[in-house]
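Input: a single structure, listed below in structure tokens.
Computed from the coordinates by the stated procedures, all read-outs in this text should not be read as laboratory data. Bear in mind the structure is a predicted one, so any value in this text is a computation, not a measurement. Note: ideal-geometry Cβ built from the backbone for every residue, glycine included; neighbour counts use all protein chains shown.
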Amino acid sequence: MVINKKGKLEELIDQNNLPQHIAIIMDGNGRWANKRLLPRTMGHRAGMSSLKEVVRACSDVGVSTLTVFAFSTENWKRPLQEVDYLMKLLVEYLHRELEELHANAVRINVLGDYNSLPHQCQLEITEALQITRNNTGLKFNIALNYGSRAEIIAAVKKLAAGLLAGEICLEEISEESFAACLTTSGMPDPDLLIRTAGEMRVSNFLLWQIAYTELWVTDCLWPDFSREHLMQAIWDYQHRERRFGGLSRNKQGEENV
């Protein structure tokens, strides 16, 4: 299915088969800028417009949860100037978009250790969490200073502390109790993971949560990612059969014959 210029693909989306949780690895900002002989920072700024469009589209179409990978624990390795710009861009995004997000009942949540971010970032995040905490629309998770391995280790430590304190017994540790110790506690696992810029890896993102997530990779660089690309990903998702380790419906029929 090819997206046409009028965005008619959106009209073909099955509202009864939406991915309830979409996760996105927003990749390609630097390459977008390099192709245009611009500083990498301009790629990050351009990517902010794509993020706004995708959040709005998810809210419009009825997706319940959107999680975006904004800044990983590994991103601290980048040049100091780029990291500083990303922090300032985060402050700008929250300051500029919070009113509209709140007006559209979007609830903001942060995955990761945002208390290690610069003070102004912490203030903006705290305000966004406070203002949108009772909103009932799209749950918008921003993964900041997030790494899945660190999240898993923290969950293990939390369960171990409960064992040592006698609050839980070994037999009570299960997939459900472990998931309850993750930053995504109470949320459904992602149904669909989108990665832009053609990279075929998950980059330490939601490793536990994406065990049975459908992957959708596009060569499109993140600043060029649009509402139409999102609808293409959803449309493709709706034409897959999710078996969760079981047989396909056709195979089950053959087995029963």
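No other residue among Ser185, Ser174 is within 22 Å of Phe140 (Cβ to Cβ) and surrounded by fewer than 16 Cβ atoms within 10 Å (Cβ to Cβ) apart from Ser185. Quick check: is even one residue across segment 32-55 under 14 Å from the mean Cα position of the chain (by Cα) and either more than 20 Å from Ile142 (Cα to Cα) or free of Cβ contacts under 8 Å to residues at least 60 places away in the same chain (or both)? Among the residues of segment 32-55, at least one is under 14 Å from the mean Cα position of the chain (by Cα) and either more than 20 Å from Ile142 (Cα to Cα) or free of Cβ contacts under 8 Å to residues at least 60 places away in the same chain (or both), which makes the answer yes. Could you list, in sequence order, the residues of segment 93-106 that are surrounded by 13 or more Cβ atoms within 10 Å (Cβ to Cβ) and free of Cβ contacts under 8 Å to residues at least 24 places away in the same chain? Listed by number, the list is empty, since nothing qualifies. Condition check for Asn109 on (1) surrounded by 14 or more Cβ atoms within 10 Å (Cβ to Cβ); (2) without any contact (Cβ under 8 Å) to a residue 40 or more places away in the chain; (3) farther than 18 Å from Thr65 by Cα: one failure, at (3).
In segment 55-63 there is no residue that is over 21 Å from Arg195 (Cβ atoms) and β-branched (Val, Ile, Thr). Residue selection: Glu124 fails the criterion of being over 30 Å from Val202 (Cβ atoms), under 21 Å from the mean Cα position of the chain (by Cα) and in a helix (DSSP H, G or I).
Any idea which residue in segment 126-156 is surrounded by the most Cβ atoms within 10 Å (Cβ to Cβ), counting only those that are among the hydrophobic types (A, V, I, L, M, F, W, C) and under 19 Å from Cys181 (Cβ atoms)?
Among residues in segment 126-156 that are among the hydrophobic types (A, V, I, L, M, F, W, C) and under 19 Å from Cys181 (Cβ atoms), the one surrounded by the most Cβ atoms within 10 Å (Cβ to Cβ) is Ala143.
Summed over segment 193-236, the residues that are among the aromatic types (Phe, Trp, Tyr) and surrounded by fewer than 20 Cβ atoms within 10 Å (Cβ to Cβ) give a count of 3.
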